[in-house]
Amino acid sequence: MYRSLILLILIATAFRPAFAPRAGGVAGTWKRTAMTLVESNGKATDMMQMMTRSMPCTKDVTYTFMSDGKMKTNVPDACGSMKKTIESMSVDAHWSMSGRTITVTSSMKEFPSAVYDVSMQGKTMTWVFTYADNPKSPNPTKAERLTTVYERI
């Protein structure tokens with residue numbers, strides 16, 4: 001009986017898809033590897049592909065989450081004049097974590113705070129932005145959620 005219980009716990013743990021991240025687990029530099037927008041009708045759009053097609057340098061953008069809660073977007077020089085614009089959008093950005101939820105705030109009034117559900121598995125971190133949970137965020141397409149996947153570098 002005892003052995004069966006341990007086996008059941010091990011199996012449940014092994015097949016658990018992801019674990020709740022700790023704030024320290026998020027700290028570091030990450031590269032976005034996928035971004036999928038799901039509309040309310042269920043249609044999924046590969047936003048990463050769309051972005052890299054229109055601006056190839058975006059595939060090399062990285063994001064640094066510092067342990068003090070600050071954030072930094074690192075844009076490659078290949079982005080030209082857009083480098084400064086994109087990096088300036090995160091100058092005063094901050095992140096905080098509570099359980100599986102990460103909140104990102106910016107000093108720019110055009111960008112309301114955003115709340116994401118976060119999960120991690122190995123070197124992969126997945127953020128799910130649900131528009132219903134972020135009613136102040138612009139949503140002209142009436143999307144349901146945006147899922148972004150990052151790889152630790």
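The values are calculated or read from the model by the stated rules, or taken from the named source; none is laboratory data. Because the structure is a prediction, the values reported are computed rather than measured. Quick reminder, even Gly has a Cβ in these numbers, built from the backbone with ideal geometry, and neighbours come from all protein chains shown. We work out accessible area using only protein heavy atoms, side chains counted, and drop any ligands, DNA or RNA first. Shrake-Rupley method; radii C 1.70, N 1.55, O 1.52, S 1.80 Å.
Out of curiosity, is residue 82 of a type in the set (A, V, I, L, M, F, W, C), open to solvent by 40 Å² or more (accessible area, probe 1.4 Å) and under 27 Å from residue 140 (Cα atoms)? Criteria met by residue 82. If only residues of segment 66-101 that are over 14 Å from the mean Cα position of the chain (by Cα) and among the β-branched types (Val, Ile, Thr) are counted, the one that is modelled with the highest pLDDT is 75. When restricted to residues that are open to solvent by 30 Å² or more (accessible area, probe 1.4 Å) and part of a strand (DSSP E or B), segment 107-125 contains 5. Between 128, 104, the distinction of being under 22 Å from residue 31 (Cβ atoms), hydrophobic (A, V, I, L, M, F, W, C), within 9 Å of the chain's Cα centre (by Cα) and open to solvent by less than 50 Å² (accessible area, probe 1.4 Å) belongs to 128 only.
For the subset of segment 134-153 comprising residues that are of a type in the set (Lys, Arg) and not in a strand (DSSP E or B), which member is least open to solvent (accessible area, probe 1.4 Å)? Applying the filter and picking the extreme gives 142.
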